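A short worksheet on the structure shown next.
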Amino acid sequence: MCRLLLVWIAGAGLAAEIVLPSPSLERDAAVTAVYRTNSLATGKGTLAIHWTDVHGRVVEDRSIPVALTDENEIAFQLDLRRAAAMKNLLRARFTFSGRNKKGEPDQRSEEALLEFLARPPEKTWWDYRIIMWQPYRPELYPALKSIGINAGQYIGRNKPPADFLFRNDLQWYAENIATDFYAEYHRYRPDRRPNWSFYEAKDLYKKDPTSLEAFKRHPSLSDPAWLKKTQERLIQAARAHSPYRPVFYDLGDESGVADLSAYWDFDFSDHSLAGMRVWLKERYGTLAALNAQWGTAFSSWNLVVPETTDQAMKRGDANFSSWADHKEWMDVAFARALEMGAAAIRSVDPAAYTGIAGAQMPGWGGYDYARLTQAINFFEPYDIGNNIEIIRSLAPRIPVVTTSFARGPWEKHRVWYELLHGNRGLIIWDEKFEFVNPDGSLGARGQEVKPYYTELREGLGALLIASERQADPIAIHYSQASFRTDWMLRHQPKGAAWVNRSASTERMDSDFLRLRESYCRLVEDLGLQYNFVSSSQVEQGELVRRGYRVLILPDSISLSEREAQAIREFAEQGGLVLASGEPGTFDEHSRRLPAARLADLRDQFRRIPGDVLNYHQLRLVSKEQPVFQAARAFFRDSGVAAPFAAGEVGVEVHRFQNGGVTLVGLLGNPQLRVDELGPPEFKSNQRFEQSRSVRLALPGELHAFDVRNARSLGSKKELTVALDPYEPSIFAFSPVPISGLSLTAPKRIARGATAQLGLSISSPAAAHVFHIDVVDPAGQVVPHYSGNLLAGRGRAGKLIPFAYNDPAGRWTVRARDLLTGSSQTAAIEVR
């Protein structure tokens, strides 16, 4: 029960109180509240209820006649469906006249106050979020909200609520709860650089390269004491924050085994080796099997120690199994530690989104997304190495957001790009406080983003989230084992130079990542889309089960026998294999095989002639045509064709399925990290900075709608689109006509009553999104009554809980269907 604020009874020195079922209440039903006076009473009186919220609304204002017979509790109802804010204040004033047991007069005049929380109603992530990271002064948040920002961040170890957000009715995410565990080697310290611990480990190695001390992670991801400590902290944080329904819980920012995705020989600590031995035992079954694979002669599991990088590089037999298994173990340990953290949060808040911010490119640091997508259910990744596409492919239901650091037209393009690639929101980094000026006016950056932030927040983002992003039957092999083997082969000749590598060098000089990037851009330039398929998915028959027609093996140098057999079965059933390099020359443990696992299919492999590796660069300077034309011919011959075809270099076609309706987004497709592409001629997206006319061929005659311009285009077989270089054109296509939007509302209502709206549209779509603006008599949109509605099968209802102090007069409800652009208005006379 909830007993928060007590007020002394006038003249008695005793406290009355209001009691609710919980200090945090859902907004979906009425609850029974109890006013409790200080002692039993007999007589008659009045209980006056006054409920207000942080918006200044008088939600309830009524008096209840009371007759008591030797009682001290008065029950009354609160309809939480009338709540429109998290922060609420309930005031009850009790006036009473009666007699006590002695027959003496009993006169009372008392009141009690209670603050309570009406929990945010969104239990799932169905709408687009724009989150301000920096904490502005509380009085400046209305300006931020006016441009679409609808959440903030608050350190997860702090005691909630975050008052500067709470008083503005803004949710937050719980930031950096356990960064000291998950990101010890890259975290903020006020007196030293973020990766100070990493360079301390490097210095320790340089003092004695033969010692394992530099390769012991502190804290170890497998240390039981640290795991327990972190678990308890996360449970405590969840207990504190869960009533406020955080947008998500951030276990750690820019986490990793070492410094971000930098390579290092962690972790040779006793805790890590003990955990690894258990894992190896489960994997190999017997010590003899491990010795046979590693080429070792351990006599006991307790003596098993993997090779360091220096030791592995000195091998002449190309058997890197010991080293590679250790690296895989670190991926396992990192994923398990994150899984523990997510489970700790969910033990308190079962529906919570829990994950990591600042997630890195696939590769070192624990970033095997095939494992991470099984461990946590939220990511805020930096878009590097196609990690966003990998996450989307492996776990399409996991919410992903991106961070906006920059400004200008290319930043606007990037926000649209990430949305069309499946992102559900945005975190804003604004260390110069450029969004809102100290006087409350919009700053330069705030003015710049307002048009597209507002558009994203007013239903377009929600519509795309409610639709399922589509891919063509093209699979790109995602192989962490091949990444490991490729890295060792490239760096073995350089010897100890590996110790000088950093996260940025791993990103910028990896041909393995570049080849994967080039295949992605090549497929996209052809107007097609793809899915990444992990090694474990290949082993489980995903290629045949999901009906893929093409499998791309981008230097898939390491394959397990099960992978090879699944690829063989795929090819036997008519699937085409497009390969670079010689697939399967190593096994999944990075041991060279006597013969490649797929040597029997070598003659069936298809290869695209030309410089595929550098395609992502060549397309910037109009030198992509030999590779592009060869790939176009291959996919044409394979029978893979885009149902909505554009097929222009630099134009990406995004398809989303929404029941029987298809949404298609066209957006220019430059190189996102163009500053990292080597020589000057490859460091410009100038080719893609021009508007262009694009012909979009449809699979048949369809009813077309221009989503962003909210208009019907009629029945079409093709469209000619004037495509902006920085913004998308988005269309909806239906095989049948879609009726107009219907809106019902009461014609008149009293202040303090709740209006019921009904909205519907007849459509083959699985879900529509309606945007509602509720406009007061002065012509101002009232934000706490307005917003987006998710309408399953085109039907939705909405309550408008008019306050007792809302202005009387003519109110207007404006409703718009985001998919078709159909709109309706209704007038409500509020008296």
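The values are calculated or read from the model by the stated rules, or taken from the named source; none is laboratory data. The structure displayed is predicted, hence computed values, not measured ones. Every residue, glycine as well, gets a Cβ built from its backbone with ideal geometry; the counts of neighbours run over all protein chains shown. Ligands, DNA and RNA are excluded from the accessible area calculation, which covers all protein heavy atoms including side chains. Shrake-Rupley method; radii C 1.70, N 1.55, O 1.52, S 1.80 Å.
Listing for the model above:
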read-out	value
Any chance Arg592 is within 30 Å of Glu681 (Cβ to Cβ), out of contact with any helix residue (DSSP H, G or I) (no Cβ under 8 Å at 6 or more places or on another chain) and open to solvent by 50 Å² or more (accessible area, probe 1.4 Å)	no
Filtered residue count, segment 508-562, keeping only those that are more than 19 Å from Gln573 (Cβ to Cβ), polar (S, T, N, Q) and assigned to a helix (DSSP H, G or I)	3
Checking Asn38 against (1) crowded, with 16+ Cβ neighbours inside 10 Å; (2) at pLDDT 95 or above, the condition it does not meet	(2)
Criterion: polar (S, T, N, Q), over 22 Å from Tyr452 (Cβ atoms) and at pLDDT 95 or above - qualifying residue of Ser684, Ser712, Ser691	Ser712
Residue list for segment 609-622, filter: within 36 Å of the chain's Cα centre (by Cα) and free of Cβ contacts under 8 Å to residues at least 60 places away in the same chain	Asp611, Leu618
Filter result for the condition that a residue is at pLDDT 95 or above, at positive phi and in a loop (DSSP other than H, G, I, E, B), over Gly358, Gly363	Gly363
Residues (buried (at least 20 other Cβ atoms within 10 Å of the Cβ) and either of a type in the set (Gly, Ala, Ser) or modelled with pLDDT under 95 (or both)) located in segment 437-470	Gly446, Gly459, Gly461, Ala462, Ala466, Ser467
Options Glu213, Glu254: the member that is at positive phi, touching a Leu at 6+ places or on another chain (Cβ under 7 Å) and modelled with pLDDT of 95 or more	Glu254
In segment 416-436, the residues that are open to solvent by less than 10 Å² (accessible area, probe 1.4 Å) and within 17 Å of Gly650 (Cα to Cα)	Trp416, Glu418, Leu420, His421
Selection status of Ala481, among the small types (Gly, Ala, Ser), at pLDDT 95 or above and either surrounded by fewer than 23 Cβ atoms within 10 Å (Cβ to Cβ) or assigned to a loop (DSSP other than H, G, I, E, B) (or both)	no
Which numbered condition Phe248 fails, given (1) touching a Lys or Arg at 6+ places or on another chain (Cβ under 8 Å); (2) open to solvent by less than 10 Å² (accessible area, probe 1.4 Å)	(1)
Single residue of segment 277-318 satisfying the filter (surrounded by fewer than 18 Cβ atoms within 10 Å (Cβ to Cβ) and aliphatic (A, V, I, L, M)) that is farthest from the chain's Cα centre (by Cα)	Ala297
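Residues are listed down the side, and each one gets a yes or a no for (1) within 30 Å of Ser441 (Cα to Cα); (2) in contact with a Phe, Trp or Tyr (Cβ under 6 Å, 6 or more places away or on another chain); (3) open to solvent by 40 Å² or more (accessible area, probe 1.4 Å); (4) at pLDDT 95 or above:
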| site | (1), (2), (3), (4) |
| --- | --- |
| Arg82 | no, no, no, yes |
| Ala85 | yes, no, no, yes |
| Tyr128 | yes, no, no, yes |
| Met132 | yes, no, no, yes |
| Glu139 | yes, no, yes, yes |
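Matching residues to (1) assigned to a strand (DSSP E or B); (2) modelled with pLDDT under 95:
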position	(1), (2)
Ser739	no, yes
Leu743	yes, no
Gly752	no, no
His771	yes, no
Val774	yes, no
Leu789	yes, no
Tyr804	no, no
Gly821	no, no
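The rows are residues; the columns are (1) crowded, with 22+ Cβ neighbours inside 10 Å; (2) out of contact with any Phe, Trp or Tyr (no Cβ under 8 Å at 6 or more places or on another chain).
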position: Asp486; (1), (2): yes, no
position: His491; (1), (2): no, no
position: Gly495; (1), (2): no, yes
position: Asn500; (1), (2): no, yes
